[in-house]
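Here's the structure, in C-alpha cells; my notes come after.
The values are calculated or read from the model by the stated rules, or taken from the named source; none is laboratory data. Remember, it's a predicted structure, so these values are computed and weren't measured experimentally. No Cβ is skipped: glycine too gets one built from the backbone with ideal geometry, and neighbour counts run over all protein chains shown.
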Amino acid sequence: MNRQLSSPKLRFREFKQGYESSPISSLAKVYDGTHQTPKYVNQGVPFYSVEHVTRNEFTKTKYIAEEVFQKESKRVSLEQGDILMSRIGDVGTVKYIDWEVRASFYVSLALFKGKGGINASYLAHNLSAVPFQRELWSRMIHVAFPKKINLGEISLCNASYPSDKKEQQKIADFLTAVDRKISQLTEKHRLFKEYKKGSMQQLFSKRIRFKDDDGKAFIDWKEYPLKDILILQSDSLKMKDDKTYELITVKRRFGGVVSRGNYLGKDVLVKNQFTIHENEFVISKRQIVHGACGLVPAELEGSIVSNEYNVFRPKPDLLDIDYFNRFTTTPFMRRSFFINSDGVHIEKLLFKTQGWLKTKVQLPSLEEQLKIAQFLQSIDNKADAVAEQVEQTKLFKKGLLQQMFV
C-alpha cells in the first residue's frame, strides 16, 4: 500500500507532485544468487560476489563453466538495468548494472529486478540513501558473523519516491553524473599512481637520467654499502613516571610512521626507549619484510620508540633521506629486507641490522637525488590533490543522498 509523504529538503523546483512510500516488494522482485560455491574455471562466464560490488570493480573476476551458468540462469539471470546489493558481510552497498551483462552471482548479493513502477536507476540511488539504509540496518541480523540481512527483510523495507517519473529520471541523471565524476577522478588518481610507478622503475634503474640546472649530465652513480651512507642513531632517554610520552608505530606496506598515542612513563612497559626526530628513517625489526618503514613526520618530532626499531640518519654529504625513503620501496630494497631477516615464519622474522648495512647500493650524486625526489614529490602532490577531489565529491554526494530522499 502506498503512503503519501512530505517532500525532501532538496528538490528540483519545477516538480510539485507528492512523494509516495512503498515496500520494496511492490517495486521490485528480489533474488539472491547461487548458494553453492561453484567450481571455477580459467575461462567462462564471470561470477560476481560482494567484493565486486564493494570495490566497484567488475573486470577482474573468477569464471564458471557455461553449463553451470545455463543452469543458474533458469532461476534468475542478470540483465542491464538490474541492481545488485551486498547483503552478507558488507551490507547495503549498491551497484546499478548499466552495461550489457552476461554473468552469474553469489548468494552474498541481492538482485533487484524492477517491476516498472519506478525508474530503476533512481531506485538504485534510493537504496543507497540514508532513509533506506537506516531501515536496512534495523532489519539486519547483527549477531550473525558475518552480519547479514535476509531477502524477506529486504523486501519489507520501504522506499520513498516522487510520483512523477520525470522527477525520478532527473534525480537519477543528476546523481549518475556525480558518480561519473567520482569515477573519472578515481581513474585519474589511478593513472597518476601508475605513472609514478613507471617513473620510479625508469629512474632507479638509470634508464632515465636528469641533468643539472645548466643542462649538463650528472656524474655517474657510485656504489656504497649502506653503512657508509646511513648513521644508526640511539638517542636514548631516561623515562620519568609522571611525564607523558608519545609512542609511534610503523605501518606495513610503506604506510609510514604514525602515532600510537600518549602515555605516562609509568605506563610504558618497555623502559629502554629512544627519542626520534623529524626526517629520521625508522625500520620495524619485526615487520620490515612487510614494508614497515618510513620517515618521521614533523608532528612526531620528539616521540619515542623501543629497541624493536632501528632509527637512521643520512650522511648529509652523500644521501638525501627523502630519496632513500622512496628507494626503499623498490624490489631490490624489499629483497634486501627479506634476505636479512631470520626466522621460521613470515610473521616471526627478525631483522638483522648489521647484515643489511653491508648491502651495496648504486647511488646518484646528492644533486641528482634531490632532482629525483622533487620530481616524484610533484607527482605525489598532484595525486594527493586528485584524491582530495575524490573525497570531496563523495562527501558532496553523501550530502545529496541525505537531502534528496525521504
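All but one of (1) surrounded by 14 or more Cβ atoms within 10 Å (Cβ to Cβ); (2) among the charged types (D, E, K, R); (3) over 19 Å from F112 (Cα atoms) hold for D32; state the number of the condition that does not hold.
The one condition D32 does not meet is (3).
Confirm whether S155 is small (G, A, S), within 27 Å of the chain's Cα centre (by Cα) and in the same structural domain as F47 (by TED's automatic domain parsing). Break it down stepwise before answering.
Values: small (G, A, S): yes; within 27 Å of the chain's Cα centre (by Cα): no; in the same structural domain as F47 (by TED's automatic domain parsing): yes.
The answer is no for S155.
When you check N310 against the structure, is it under 27 Å from I276 (Cβ atoms) and in the same structural domain as E246 (by TED's automatic domain parsing), yes or no? Walk me through how you get there before you give the answer.
Working: under 27 Å from I276 (Cβ atoms): yes; in the same structural domain as E246 (by TED's automatic domain parsing): yes.
Judged against the criteria, N310 is a match.
When you scan segment 56-71, do you find a residue that is under 19 Å from G152 (Cα atoms), charged (D, E, K, R) and modelled with pLDDT of 95 or more, even just one?
no
What's the number of the condition A144 fails, among (1) more than 30 Å from L376 (Cβ to Cβ); (2) in a helix (DSSP H, G or I)?
Here A144 clears every test but (2).
Would you call Y48 among the aromatic types (F, W, Y), under 28 Å from P162 (Cα atoms) and surrounded by 15 or more Cβ atoms within 10 Å (Cβ to Cβ)?
For Y48, the condition - among the aromatic types (F, W, Y), under 28 Å from P162 (Cα atoms) and surrounded by 15 or more Cβ atoms within 10 Å (Cβ to Cβ) - is not met.
Looking at segment 177-199, which of its residues are in contact (Cβ under 8 Å) with a residue 60 or more places away in the chain and either among the aliphatic types (A, V, I, L, M) or closer than 21 Å to G116 by Cβ (or both)?
The answer is V178, I182, L185.
So H290 fits all but one of (1) farther than 20 Å from D384 by Cβ; (2) surrounded by 13 or more Cβ atoms within 10 Å (Cβ to Cβ); (3) in contact with a Phe, Trp or Tyr (Cβ under 8 Å, 6 or more places away or on another chain); what number is the exception?
Condition not satisfied by H290: (3).
Would it be correct to say that V305 is farther than 28 Å from L366 by Cα and assigned to a loop (DSSP other than H, G, I, E, B)?
For V305, the condition - farther than 28 Å from L366 by Cα and assigned to a loop (DSSP other than H, G, I, E, B) - is not met.
Output the residues belonging to segment 205-230 that are among the hydrophobic types (A, V, I, L, M, F, W, C), out of contact with any Pro (no Cβ under 7 Å at 6 or more places or on another chain) and surrounded by 15 or more Cβ atoms within 10 Å (Cβ to Cβ).
Across segment 205-230, the qualifying residues are F210, L226.
Of all residues in segment 135-166, which are in contact (Cβ under 8 Å) with a residue 12 or more places away in the chain, of a type in the set (A, V, I, L, M, F, W, C) and over 23 Å from K115 (Cα atoms)?
Within segment 135-166, W137, M140 qualify.
Condition first: farther than 16 Å from E135 by Cα and surrounded by 22 or more Cβ atoms within 10 Å (Cβ to Cβ). Now tell me which residues in segment 84-100 satisfy that.
Result: L84, Y96.
Quick check on K16: is it within 21 Å of S160 (Cβ to Cβ) and without any contact (Cβ under 8 Å) to a residue 40 or more places away in the chain?
It is true that K16 is within 21 Å of S160 (Cβ to Cβ) and without any contact (Cβ under 8 Å) to a residue 40 or more places away in the chain.
Could you please find all residues in segment 275-302 being of a type in the set (A, V, I, L, M), over 13 Å from V258 (Cβ atoms) and either in a strand (DSSP E or B) or free of Cβ contacts under 8 Å to residues at least 12 places away in the same chain (or both)?
Of everything in segment 275-302, just one residue is of a type in the set (A, V, I, L, M), over 13 Å from V258 (Cβ atoms) and either in a strand (DSSP E or B) or free of Cβ contacts under 8 Å to residues at least 12 places away in the same chain (or both), namely I283.
From I219, I208, which residue is free of Cβ contacts under 8 Å to residues at least 12 places away in the same chain, farther than 30 Å from G343 by Cβ and either not polar (S, T, N, Q) or not assigned by TED's automatic domain parsing to the domain that holds I372 (or both)?
I208
Quickly run through segment 19-71 and pick out the residues that are within 19 Å of S86 (Cβ to Cβ), touching a residue at least 40 places away in the same chain (Cβ under 8 Å) and among the acidic types (D, E).
Passing the criteria: only D32.
Give the residues of segment 236-252 that are part of a loop (DSSP other than H, G, I, E, B) and without any contact (Cβ under 8 Å) to a residue 24 or more places away in the chain, sorted by residue number. Working first, answer last.
The first filter runs over segment 236-252 and keeps only residues part of a loop (DSSP other than H, G, I, E, B), leaving 237-243, 252.
Once the filter is applied, which keeps residues that are part of a loop (DSSP other than H, G, I, E, B) and without any contact (Cβ under 8 Å) to a residue 24 or more places away in the chain, segment 236-252 yields K238, K243.
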